[in-house]
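The structure appears below as structure tokens.
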Amino acid sequence: MHSRSALKSTALLCARARTFTPASRGFAVTSFPRQSAPNTELKPKVVYEGGLSKAARVMKLASVASLVGASAAIPFFFTGSSDIPSGARTILAITTLGMTGSSTALVTWALKPYITTLSILEPTVGPATPMLVDTLTFLAQTRTRLVFPEQLKPATMPLTSWSVSEPSDRLVEASKAILELVNRGRKKPVVLARGGDVFYAHTQGPVSEEMQRIIDASP
């Protein structure tokens, strides 16, 4: 009950911040000394940081670099004077590229759900508390998604902690106002997590109090 009311209050605050003007309420507009505008920004609070975030980023960059290097070296298999038949050269080139591509694909699959940072947008944690979850893209860039604890369910795949269920109409509607505020000034917009997304966090060891509440709030 508390989390649902908190979600409604967040959405209501965002809506009022967009639509309220003095003239719209019938007030006379008078000039006053300039004052700071009310704070309608959502300030994320980091409650979890992946202990292997730096290592995961380096591994992704190294795997991509090795794939690029192997691809760039392929033409050299077919140039220069050598007694090696063209068929053998082709096999060597395909083997080299295949092994490098396989290792890159494996690293990408293993580290795709890895959570580097998890932040909450409300001081209290409940099933409907909006959270920002950071993971890494193929090129080791940060990807941020908005997710709610009630969307999280235990995952059965290796190297995953949670799978995300499709957001309800209530969450989709509430997320619109939240995303509008969160994405102000961002170069890469935050998006709402969708069904099928997966996340991995170190939940077995010691975690912060807020992170433990998130774990408990997920179904």
Quiz item: Among Gly185, Ser168, Val198, whose Cα sits farthest toward the positive end of the charge dipole of region 163-219 (+1 at Cβ of Lys/Arg, -1 at Cβ of Asp/Glu, about the Cα centre)?
Solution: Gly185
Quiz item: Mind listing the phi-derived Karplus ³J(HN,Hα) values for region 43-48, rounded to whole Hz, using 6.51, -1.76 and 1.60 with θ = phi - 60°, and x for any glycine or proline?
Solution: 9, x, 10, 6, 10, 7
Quiz prompt | Positive minus negative residues near Val125 (Lys, Arg vs Asp, Glu; Cβ under 12 Å) | solution = -3
Self-check item: Distance between modelled label sites at Ala72 and Glu49, nm, 7 Å Cα→Cβ extension
Solution: 3.3 nm
Quiz item: Using the per-residue mean of other Cβ atoms lying within 10 Å as a proxy for protection, in what order, highest first, do the peptides 128-139, 160-171, 175-186 fall?
Solution: 128-139, 160-171, 175-186
Exercise. For region 127-135, just list the computed ³J(HN,Hα) in residue order, Karplus coefficients 6.51, -1.76 and 1.60, θ = phi - 60°, integers in Hz, with x standing in for Gly and Pro.
Key: x, 10, 6, x, 10, 10, 10, 9, 10
Quiz item: Which ³J(HN,Hα) values, rounded to whole Hz and listed in residue order, are derived for region 98-113 from phi using the Karplus coefficients 6.51, -1.76 and 1.60 in 6.51 cos²θ - 1.76 cosθ + 1.60 with θ = phi - 60°, glycine and proline given as x?
Solution: x, 5, 5, x, 5, 5, 5, 5, 5, 5, 4, 5, 5, 9, 4, x
Exercise. Leaving ligands, DNA and RNA out of it, report the carbon-plus-sulfur percent of the accessible area of region 120-190 at a 1.4 Å probe.
Key: 57 percent
Exercise. Express the accessible area of region 138-219 per residue in Å², computed with a 1.4 Å probe while the remaining protein chains stay in the model.
Key: 54 Å²
Quiz prompt | Within-12-Å neighbourhood charge of Ala201 [Cβ basis; K, R +1; D, E -1] | solution = -2
Exercise. Name the long-range amide H neighbours of Tyr114: under 5 Å, sequence gap of 5 or more, or other chain; modelled H, no Pro or chain starts.
Key: Leu136, Tyr200
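The values are calculated or read from the model by the stated rules, or taken from the named source; none is laboratory data. Owing to the predicted nature of the structure, the values given are computational and were not obtained by experimental measurement. Glycine also receives a Cβ, built like all others from the backbone with ideal geometry; neighbour counts cover every protein chain displayed. Surface accessibility is based on the protein's heavy atoms, side chains included, excluding ligands, DNA and RNA. Shrake-Rupley method; radii C 1.70, N 1.55, O 1.52, S 1.80 Å.
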